[in-house]
Amino acid sequence: MGRVTRRHAVLRVGPEETIRRIDSLAVEEPLEIRLNGEPYLVTMRTPGNDVDLVHGLLYSEGIISERSDIVLARYCAGVRC
């Protein structure tokens, strides 16, 4: 899993002043979801709890309707998963 936040220089513009500072920003990364080894979709997400995110997305899309619809969920390091 990647980092959830990253330190980055930002420019904060307010009604009375402008401030340059280092701030913590949420990191987003792409997540490719495959069904039966075939690409289904790519979504952006904040790293963490990826399997739960995928299960919720598949449920909301009507791809799955109950727990037994999931046979295997895993991370793939390469393109052959």
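Criterion first (of a type outside the set (Gly, Ala, Ser) and either in contact with a Phe, Trp or Tyr (Cβ under 9 Å, 6 or more places away or on another chain) or open to solvent by 60 Å² or more (accessible area, probe 1.4 Å) (or both)) does ARG45 satisfy it? Here the answer is no, as ARG45 does not meet what is asked.
Tally time: how many residues in the range 26-40 are over 12 Å from the mean Cα position of the chain (by Cα) and open to solvent by less than 60 Å² (accessible area, probe 1.4 Å)? I'd like the intermediate steps shown before the answer.
Quick first cut of the range 26-40, residues over 12 Å from the mean Cα position of the chain (by Cα) only: 34-40.
From what is left, the residues that are open to solvent by less than 60 Å² (accessible area, probe 1.4 Å) are 35, 37.
Final tally of qualifying residues: 2.
What do you reckon, is LEU58 open to solvent by less than 100 Å² (accessible area, probe 1.4 Å), within 15 Å of the chain's Cα centre (by Cα), modelled with pLDDT under 95 and of a type outside the set (Ser, Thr, Tyr)? For LEU58, the condition - open to solvent by less than 100 Å² (accessible area, probe 1.4 Å), within 15 Å of the chain's Cα centre (by Cα), modelled with pLDDT under 95 and of a type outside the set (Ser, Thr, Tyr) - is not met.
The values are calculated or read from the model by the stated rules, or taken from the named source; none is laboratory data. Keep in mind it's a predicted model, so treat the numbers as computed, not measured. Cβ coordinates were reconstructed from backbone atoms using ideal geometry, including for glycine residues, and neighbour counts include every protein chain displayed. Heavy atoms of the whole protein, side chains included, go into the accessibility calculation; ligands, DNA and RNA do not. Shrake-Rupley method; radii C 1.70, N 1.55, O 1.52, S 1.80 Å.
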